[in-house]
Amino acid sequence: MSNKTLTRADLAETVHRDIGLSRTESAEMVNTVLDLVSEALVQGQSVKLSSFGTFLVRAKRERLGRNPKTGEEVPITPRRVLVFRPSQVMKNVINGLEPGTED
């Protein structure tokens with residue numbers, strides 16, 4: 001497995017190579033899609049990409065945590081977190097199964 005991170009530039013290069021748009025148009029398209037996804041998540045909407053998965057924002061309540069070094073209890077402030085749930089198709093692909101099969 002590769003430790004390489006997939007970047008916006010990688011996505012734009014793939015769009016350029018596979019679709020044939022210019023590099024500038026490809027970069028703009030990738031940025032537009034990612035901006036739309038980000039805006040929807042900030043507004044609290046979920047984003048579902050068929051055969052890939054669903055991104056959603058979940059609200060976490062305030063709670064008490066513990067400093068592992070000292071054992072001291074520390075309040076953890078409420079916050080919103082990004083959650084990704086892969087589709088069954090994606091899970092199968094990752095596990096080397098056929099996309100349409102079940103475990």
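The values are calculated or read from the model by the stated rules, or taken from the named source; none is laboratory data. Just so it is clear, the structure is predicted and the values come from calculations on it, not from any experiment. With ideal geometry, Cβ positions are generated from the backbone for all residues, glycine too; neighbour counts draw on all protein chains shown.
Do any strands (runs of 3 or more DSSP E) entirely within region 15-68 hold 2 or more residues that are in contact (Cβ under 8 Å) with a residue 24 or more places away in the chain and farther than 19 Å from Arg79 by Cα, and if so, which?
Output list reads 53-60.
Of the residues that sit in region 85-103 and are touching a strand residue (DSSP E or B) at 6+ places or on another chain (Cβ under 8 Å) and either surrounded by fewer than 12 Cβ atoms within 10 Å (Cβ to Cβ) or in a loop (DSSP other than H, G, I, E, B) (or both), which one is modelled with the lowest pLDDT?
Here the answer is Ile94.
Just to be sure before I move on: is Thr77 within 14 Å of Leu41 (Cα to Cα), at pLDDT 95 or above and among the hydroxyl-bearing types (Ser, Thr, Tyr) in the structure I sent?
For Thr77, the condition - within 14 Å of Leu41 (Cα to Cα), at pLDDT 95 or above and among the hydroxyl-bearing types (Ser, Thr, Tyr) - is not met.
Check Leu56, Leu34, Leu82 and return the single one that is surrounded by 12 or more Cβ atoms within 10 Å (Cβ to Cβ), under 14 Å from the mean Cα position of the chain (by Cα), among the aliphatic types (A, V, I, L, M) and closer than 21 Å to Arg8 by Cβ.
The match here is Leu34.
Of a type in the set (S, T, N, Q), closer than 29 Å to Ala12 by Cβ and modelled with pLDDT of 95 or more: does that describe Ser51?
No; evaluated as a whole, the condition is false for this residue.
Step by step: first the residues of region 6-31, then only those that are more than 13 Å from the chain's Cα centre (by Cα) and hydroxyl-bearing (Ser, Thr, Tyr), then the one that is nearest to Val89 (Cα to Cα). Which residue is that?
Thr14
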